[in-house]
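The next block holds one structure in the form of structure tokens; read it before the comments.
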Amino acid sequence: MKPSRIRSAGLIVLLHLGAAALLFGEGGDATAPSRKVNINTATAAELAYLPRLGPKVAERIVEHRKDKPFARPEDLMEVKGIGEKLFVTLKPYVAVSGPTTLTAKVRSASSASRRSSPPAAPKEKPASTVPAGKGR
């Protein structure tokens, strides 16, 4: 075979593999169940399933929605103890309509990595170190 035909055949194979990967990748999300908590109807226990959220803040959410139901997920930042940084962590799991489908506590990735990594060893100085700038 000529090198040009080999290149053409290789290019065709790569294009078909790329197209198959795109089609497979698009269908992957449809089968994955979404885990959400409806902040307008969930109990304090269900709200505590959210990452980095404890029972006190969950109770504050319940009290807040008695006065004014949440119209959008961003309204959650009006609750004491939930700032922008925490909201970014919660946003993938929060909904204002539909059923609550989250059934277990979600652990945030940052806290899981902190628990699994060993503590850093202290750095030791060599015994014969002379301080810089002393002229020795």
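The values are calculated or read from the model by the stated rules, or taken from the named source; none is laboratory data. Bear in mind that the values here come from a model prediction, so they are computed numbers and not experimental data. As a convention, Cβ positions derive from the backbone with ideal geometry for all residues, glycine included, and neighbour counts pool all protein chains shown.
Observations, loosely collected:
- 3 or more residues among the acidic types (Asp, Glu) and assigned by TED's automatic domain parsing to the domain that holds Ser108: qualifying helices (runs of 4 or more DSSP H) within segment 40-91: 55-67
- Taken over segment 34-70, the criterion of being loosely packed, with under 14 Cβ neighbours inside 10 Å and closer than 10 Å to Leu102 by Cβ is satisfied by Ser34 alone.
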